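Let me begin by presenting the structure, written as structure tokens, before commenting on it.
The values are calculated or read from the model by the stated rules, or taken from the named source; none is laboratory data. For clarity, every value in this text was computed on a predicted model and none was experimentally measured. Note that each Cβ is placed from the backbone with ideal geometry, even for glycine, and that neighbours are counted across all protein chains shown. Accessible surface areas use protein heavy atoms only, side chains included; no ligands, DNA or RNA. Shrake-Rupley method; radii C 1.70, N 1.55, O 1.52, S 1.80 Å.
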Amino acid sequence: PALTVSSSNKWDAKYGINYKITDKAMVYADFAQGFRDGGANSGDPLSCYNKGVPQEYVPDTLNNYELGWKTSWLNGHLVWNGAAYLMHWKQLQTIIYDVDICAPSSFNANVGNARIYGLESNVDYKVNENWSMQASGSYTDSRLVSTQYTTFDAEVGERLPYVPYFSWSWNLRYEHPLNQSLRGYAQIDMAHKGDMWNDLHVAGSHGFPRMLQPEYTISNLRLGLTPEGGHWLSELYVTNLANKNAIIYINTGNFDLRETTNEPRVFGLRLNYRFGKEANSE
């Protein structure tokens with residue numbers, strides 16, 4: 001078949017309003033819209049188009065509604081922010097490989113509409129001159145809610161791929177002056193990502209079943225020296241402190257099953273030097 005030429009255009013929009021309750025607390029409401037361009041599935045055999053491969057796929061649009069808050073407590077030592085959000089994803093684009101439709105190639109299609117809602121929050125707490133901590137977490141529920149694409153009838157109600165329900169992270173840091181111009185610090189941090197599917201297809205793709213990527217939690221440790229407002233930093237670090245073997249990505253995009261894992265435990269030394277003015281110089 002002849003080469004298909006496709007074009008599309010769409011306006012994006014963003015609106016917001018906020019209200020300052022006190023000098024230390026503010027609430028806001030936002031709306032934002034974005035889209036991805038459409039395209040064409042060119043160069044496939046005529047038999048693929050006769051079996052349902054679309055010549056073109058249209059832009060997909062994401063509308064995001066968000067309510068949030070930003071607050072400061074304890075004379076500025078504690079900052080607590082958060083937001084709740086609802087997203088409507090229309091004409092969701094995805095790549096499909098179905099040997100019964102088009103054995104030689106995968107193709108793009110608009111498979112339906114999705115709905116995403118969730119809550120996120122973060123805390124930044126400076127306990128005193130030595131101790132500080134940060135923490136953040138989120139919950140996200142993302143699902144395909146309707147489809148006009150017959151191949152995806154079984155997927156209505158299923159979670160979108162690579163979106164975990166829960167994610168969180170935190171770090172705890174201790175700093176202490178060692179002399180008049182040198183500070184030492186120690187920091188431990190931990191990050192968690194919940195389980196998530198690697199495919200929207202319940203039956204899987206490319207001849208492989210859909211797989212649930214297991215949850216994982218990784219922690220790191222850092223010990224360092226830095227002068228007050230100085231140019232250099234020296235740091236000893238240990239990443240993946242517990243030496244966990246985590247699967248961070250599963251895909252079958254190359255017609256085989258690939259599981260990408262994290263690095264094993266790593267010990268290292270980092271030396272930084274920043275050219276230019278000191279951080280506290282005018």
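Among the residues of the stretch 122-171, what is the count of those that are over 27 Å from Trp69 (Cβ atoms), of a type outside the set (A, V, I, L, M, F, W, C), part of a strand (DSSP E or B) and in contact with a Leu (Cβ under 7 Å, 6 or more places away or on another chain)?
0
If a residue must be among the hydroxyl-bearing types (Ser, Thr, Tyr) and modelled with pLDDT of 95 or more, how many such residues does the stretch 235-255 contain? Let's see the steps before the verdict.
First, pick out the residues of the stretch 235-255 that are among the hydroxyl-bearing types (Ser, Thr, Tyr): 237, 239, 249, 252.
Okay, now just the ones that are also modelled with pLDDT of 95 or more, so 237, 239.
The number of residues fulfilling the criteria is 2.
For the stretch 95-119, enumerate the residues that are of a type in the set (Gly, Ala, Ser) and open to solvent by 20 Å² or more (accessible area, probe 1.4 Å). Talk me through it step by step, then tell me what you get.
Residues of the stretch 95-119 of a type in the set (Gly, Ala, Ser): 103, 105-106, 109, 112, 114, 118.
Those that are of a type in the set (Gly, Ala, Ser) and open to solvent by 20 Å² or more (accessible area, probe 1.4 Å): Ala103, Ser105, Ser106.
Answer yes or no: is there a residue in the stretch 186-206 that is surrounded by fewer than 17 Cβ atoms within 10 Å (Cβ to Cβ) and aromatic (Phe, Trp, Tyr).
no
Yes or no: Tyr185 out of contact with any Lys or Arg (no Cβ under 7 Å at 6 or more places or on another chain) and among the hydroxyl-bearing types (Ser, Thr, Tyr)? Let's see the steps before the verdict.
Values: out of contact with any Lys or Arg (no Cβ under 7 Å at 6 or more places or on another chain): no; among the hydroxyl-bearing types (Ser, Thr, Tyr): yes.
Taking the combined requirement at face value, the residue does not satisfy it.
Just the residues that are among the polar types (S, T, N, Q), in a loop (DSSP other than H, G, I, E, B) and closer than 16 Å to Ile218 by Cβ, please, taken from the stretch 237-261. Before the answer, list the steps.
Start the filter on the stretch 237-261 by keeping residues that are among the polar types (S, T, N, Q), which leaves 239-240, 243, 245, 251-252, 254, 260-261.
Adding the requirement that they be in a loop (DSSP other than H, G, I, E, B) leaves 240, 243, 245, 252, 254.
Across the stretch 237-261, the qualifying residues are Asn240, Asn243, Asn245.
How many residues does the stretch 37-73 contain that are over 22 Å from Glu120 (Cα atoms) and either modelled with pLDDT of 90 or more or not hydroxyl-bearing (Ser, Thr, Tyr) (or both)? Walk me through how you get there before you give the answer.
Within the stretch 37-73, the subset over 22 Å from Glu120 (Cα atoms) is 37-61.
From the residues that got through so far, the ones that are either modelled with pLDDT of 90 or more or not hydroxyl-bearing (Ser, Thr, Tyr) (or both) too are 37-41, 43-61.
Residues meeting the conditions: 24.
When you check Gly184 against the structure, is it assigned to a strand (DSSP E or B) and more than 24 Å from the chain's Cα centre (by Cα), yes or no? Steps first, answer last, please.
Details: assigned to a strand (DSSP E or B): yes; more than 24 Å from the chain's Cα centre (by Cα): yes.
So Gly184 passes the test.
I need the full set of residues from the stretch 12-40 which are in contact (Cβ under 8 Å) with a residue 12 or more places away in the chain and either in contact with a helix residue (DSSP H, G or I) (Cβ under 8 Å, 6 or more places away or on another chain) or open to solvent by 80 Å² or more (accessible area, probe 1.4 Å) (or both), in order please.
Initial filter on the stretch 12-40 (in contact (Cβ under 8 Å) with a residue 12 or more places away in the chain): 12-17, 24-40.
Passing the criteria: Asp12, Lys14, Tyr15, Ile17, Lys24, Arg36, Asp37.
Quick one: in the stretch 219-267, which of the residues that are open to solvent by less than 30 Å² (accessible area, probe 1.4 Å), touching a residue at least 40 places away in the same chain (Cβ under 8 Å) and among the β-branched types (Val, Ile, Thr) is farthest from Ser105 (Cα to Cα)?
Among them, the one singled out is Ile250.
Scan the stretch 242-263 and give yes if some residue there is under 30 Å from Met211 (Cβ atoms) and basic (Lys, Arg), otherwise no. Write out each step before concluding.
Taking the stretch 242-263 as the starting set, the residues that turn out to be under 30 Å from Met211 (Cβ atoms) are 242-263.
Of the ones still in play, those that are also basic (Lys, Arg) are 244, 258.
Scanning the stretch 242-263 turns up at least one residue that is under 30 Å from Met211 (Cβ atoms) and basic (Lys, Arg).
List the number of the failed condition for Gly52; all other conditions in (1) touching an Asp or Glu at 6+ places or on another chain (Cβ under 9 Å); (2) open to solvent by less than 30 Å² (accessible area, probe 1.4 Å) hold.
That leaves (2) as the condition not met.
What do you reckon, is Asp60 buried (at least 17 other Cβ atoms within 10 Å of the Cβ), among the charged types (D, E, K, R) and in contact (Cβ under 8 Å) with a residue 40 or more places away in the chain?
Working: buried (at least 17 other Cβ atoms within 10 Å of the Cβ): yes; among the charged types (D, E, K, R): yes; in contact (Cβ under 8 Å) with a residue 40 or more places away in the chain: yes.
Yes.
Considering only the stretch 35-87, state which residues are closer than 24 Å to Ile17 by Cα and among the aromatic types (Phe, Trp, Tyr).
Within the stretch 35-87, Phe35, Tyr65, Trp69, Trp73, Trp80, Tyr85 qualify.
Does Leu178 satisfy being out of contact with any Phe, Trp or Tyr (no Cβ under 6 Å at 6 or more places or on another chain), over 26 Å from Tyr117 (Cβ atoms), open to solvent by less than 50 Å² (accessible area, probe 1.4 Å) and of a type in the set (A, V, I, L, M, F, W, C)? Before the answer, list the steps.
Numbers: out of contact with any Phe, Trp or Tyr (no Cβ under 6 Å at 6 or more places or on another chain): yes; over 26 Å from Tyr117 (Cβ atoms): yes; open to solvent by less than 50 Å² (accessible area, probe 1.4 Å): no; of a type in the set (A, V, I, L, M, F, W, C): yes.
When the stated conditions are applied, Leu178 does not pass them.
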